[in-house]
Each structure stands twice: as C-alpha cells, then as structure tokens.
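The values are calculated or read from the model by the stated rules, or taken from the named source; none is laboratory data. All of these numbers come straight from a predicted model, not from anything done at the bench. Positions of Cβ are generated from backbone atoms using ideal geometry, with glycine treated the same way; all protein chains shown enter the neighbour counts. For the accessible areas, the whole protein counts, side chains as well, though only heavy atoms, and no ligand, DNA or RNA atoms are used. Shrake-Rupley method; radii C 1.70, N 1.55, O 1.52, S 1.80 Å.
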Amino acid sequence: KVTVKLENAAIERSKAVDSAVLGKYNLWRRENENVNSDSTVRLMRDQIIMSKVYVSIAKSKNKLDLQQELQIRLKEIQQALGESTADSGLPHSASEKIKEMGKVLSKAREQLFDCKLVTGKLRAMLQTSEEQVRRLKKQSMFLSQLAAKTIPYSIHCLSLRLTIQYYLLPQEKRKFPRSENLENPNLYHYALFSDNVLAASVVVNSTIMNAKDPSKHVFHLVTNKLNFGAMNMWFLLNPPGKATIHVENVDEFKWLNSSYSPVLRQLETASMKEYYFKADHPTVSGSSNLKYRNPKYLSMLNHLRFYLPQVYPKLDKILFLDDDIVVQKDLTGLWSVDLHGKVNGAVETCGQSFHRFDKYLNFSNHHISRNFDPNACGWAYGMNMFDLKVWKKKDITGIYHKWQNMNEDRALWKLGTLPPGLITFYGLTHPLEKSWHVLGLGYNPSVHKKEIEHAAVIHYNGNMKPWLDLAMTKYRPYWTKYVKYDHYYLRSCNLSE
C-alpha cells in the first residue's frame, strides 16, 4: 500500500511539474519532501528507472503497443536529460517531457503493476548497475595508473629538442660555473635524481626563488644517459642565478655494478622483469598489477638514494629531494636541525593506524616480525636530510645490501624504495616538524589550503602528478607558478599553462 501511495504521488507530481516547485527529490521514495537544486533532474532519473522496469514487464506480457510508447517517451526524456546534473542545465522542453512520461507511466501502472514483479525487476537492475560500477572502477583504476606512468608527448618533445641542441654545442660551452663549490661541505647541498627535465626545473627554480642567499646552494642532479643532454642544456639555458648546479649520468658510475649492488643484480634477472611487467596477466581485470609495471622500479635512479655517500664522498650532509615536490620557503634551517645522532631526518606519515610498518612489510615472515615493530611509524621520502658522516659510521649502505639480498624472492616486501628505506633507517630516523613537508597533493583532494600554504615543501606523491592532464586542478597552480612557460622550447612543444 505504501509503495502504491508513493507511486501515485509521483505520477501526480509529474502531471503538475510546471507549477512553482518543479519537483522534489526522488518521488519514488520516502524522502520526497527534500527540495534540491537538482530535484527535476532526479525526478527524470526516477522516471527513466521506472519506465525501464515497465518496458521489461510490457515485453514479457506481450503489451507491445504500451512497450513501444514507453520506449518513445524513454528516449525523449533521456535526450532531454542528456548530461545535465542540475536543473539549470535542462532545456525548456524538459517540463513537457516529464508530464508526458508521467501520463504513460500512469497508464503502465494501471495495466501492468504487480508489486512482486516490479520489486524483482528493480532488484535485478540494481545488481546489474552494481556490477557495472565495479567494472568501471577497475577500468578507471587501470587507466589512471596507465596515465600516471606515461610520459606526456610535450615533455618527451622538450627532452628531444634540448638533447639535439646540447650535442651541437662545442665542448667548452657545456660546463657550468662555480664547480669549486661542488665539494665544499660548508654550503647547502641538494641531491635530485630525475629523468624529467620539466619536473627537475621546478624543484631547482622553486628552491632558488625562496632561498635567502642562493649563492650558498649547490644542486647535484643525476639523470640517465637518455636525458643527460637535455638536463644539461636546460640549466645551461636557464642557469639558477648565483647557485651552483652539476648534472651527472648514472650510467657512468662505474662503481655501481651488479657485483656491488644487489638490487642492480636482481633487476637484471628475467624473473624480476617478469614480476614487474606481468606480461601474462590481463590488464584491465588485473589493474592492481599495473603498479608493478612502473618503469621507475627498474631504474637505478630510483635506488641511487641508498648510495649517497658513494656518490658524494666529500660531503657531510645532503638534502634529498624528489622531483615531484615544490619548495615554498627557505630550507637552510634544515641544516641546523639536530638529528640527535640519527642518519635520516624525515616527516612521519602515520596517524592512528595509517602508514605504519605493517602497511609496507610482510610481518608473516619471521625475519620481519623478529626485527621490527608492526606499529612503528612510517615516514616519507621526498624531502630527507641525511647525515652522511653518521651514515658511513653505521654502514647504512651495508645494512641496505643485507636486507636487499634477503628479499631476492620478494618475501619481505613487494616493490619500491620506501619499504627497504623503512628497514634500513629503522631506529635511525629523526622526525621533522610536519610543516617542513606536506604530502598528498597527487592523490588526496582534502589537503587543507592553509596546511599547503604554511608548508616549506609540498609533495605531489601519488598518480596525479602536476605535469599530467589528470592532475588535480586546485593544486596545480602551486607547481605551474615555477614553470617558465614563456621559454622557447616549452612553447615549441605545446607546453602551455
């Protein structure tokens, strides 16, 4: 009786839709007294649902004339609704279409209504819709992962153009000034490992623009041989003011070979490449496996962070920066932070039960459960102050090698550099004040604006990198303000804001 009463109310409302109030939310349900700005849109959606139910019933009962009439009205109201999500987007003809649909639904109810039958049809439609939503979510996850791992054409174009220009330069013009600063431990040294020219330029540019005395800052960039020429050429064309910059090619580090580095030896094996690329797995239905296909996991640039004293043997401290960060304040205060004898200064990421060790490590393995606390707080890579003197004293690289050798079968952790980082620096990490490093701009739409604006460094960790089309619009300006969009090479590669 209640269902019939609600349906009657809905039909009557359809007839009077051109009155002062154009409709109310979901007239097929109990919450029919809520007035919303999209009430007419929701009424139309309800009509579409009920018309589909009655089309199906009419077909099963051989009421072909009624079925055809319902289908005609269904098509009309679907066209009127279109992509509209609010009443303001509806055409003027919508009111008339709603009234006509109301009439035919009234007729259908009189001829076809059977409570049990209608309920069964609605339940079947709900199950179909839920399955479709699950399928679309998987597909969406796959596509977003794929987009995040793809280098945009414009950035690829930029790298190619810069590379050509670099190798046309005579040798004497390929050198950066102030090379005497590269090993001066009294200056502020940064390590940045990247194969993305545009991203690296933002890190350097934002750091310099917010530095009180740029002349005391030294940037050590390491890239791969594919982007070595482009990275050099960009900073030759756009020198960082009075700061010092140096670009190196990771493939020229002769000491970094498979006989020395366990991860390099493992990455060269066929089994590891099969694991990361999963060529025999279906991609859309197994979309979660796409994260293993990220090329960064097969790049030594990603693992070079565990060899900082080997790369920079003359330095005492170095600030490690990821290429998906933006610096918003002077960072020199980090060099005076007392790490209390620890190796790594980093911002912790745990809150209540989130981002603790058990999220990253396999505690069903006795090597892990015996040596680590599952509730220990995780911390973030992306902005890390490393004391290289303590690093060498405690043989941090040796600790890393030990655990990396033990994880050859991936029984301790699955992928990435954060899990081995948590293990290697366990008990050796000093928590920094959270405003030094705010994370989440590449995946979390709820990072508070004040928190972002007060941060020294903001981090676009996650898939939605600021140089990609899928970046979150509200966070992008914090990054784009440090891009030189008027530069010839950026314009020629259609890199526009």
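Among the residues of the stretch 463-473, those that are in contact (Cβ under 8 Å) with a residue 12 or more places away in the chain and farther than 17 Å from Val203 by Cβ comprise Asn463, Met464, Asp469, Leu470, Met472. Residues of the stretch 434-444 that are open to solvent by 70 Å² or more (accessible area, probe 1.4 Å) and over 25 Å from Leu334 (Cα atoms): Tyr443 alone.
Scanning the stretch 329-362 for residues that are closer than 16 Å to Gly440 by Cα and among the polar types (S, T, N, Q) yields a single hit, Thr349.
Give just the number: which of (1) out of contact with any Lys or Arg (no Cβ under 6 Å at 6 or more places or on another chain); (2) open to solvent by less than 70 Å² (accessible area, probe 1.4 Å) does His430 not satisfy? His430 satisfies every listed condition except (1). Sub-7 Å Cβ pairs linking a first residue in the stretch 119-141 that is open to solvent by 80 Å² or more (accessible area, probe 1.4 Å) to a second residue that is polar (S, T, N, Q), at least 6 apart or interchain, are Lys138/Ser285; Lys138/Ser287; Met141/Ser287, ordered by first then second residue.
Taking (1) surrounded by fewer than 16 Cβ atoms within 10 Å (Cβ to Cβ); (2) assigned to a helix (DSSP H, G or I); (3) assigned by the TED database to the domain that holds Tyr381 in turn, Leu162 satisfies each apart from (1). Of the helices (runs of 4 or more DSSP H) that lie entirely inside the stretch 312-417, those containing 3 or more residues that are free of Cβ contacts under 8 Å to residues at least 40 places away in the same chain, surrounded by fewer than 21 Cβ atoms within 10 Å (Cβ to Cβ) and in the same structural domain as Lys481 (by the TED database) span 366-371, 396-406. Listed by position, the helices (runs of 4 or more DSSP H) enclosed by the stretch 446-497 include none that has at least 3 residues that are crowded, with 18+ Cβ neighbours inside 10 Å and on the phi > 0 side of the Ramachandran plot. Where residues in the stretch 248-263 are open to solvent by 10 Å² or more (accessible area, probe 1.4 Å) and aliphatic (A, V, I, L, M), which of them is nearest to Gln310 (Cα to Cα)? The extreme case among them is Leu256.
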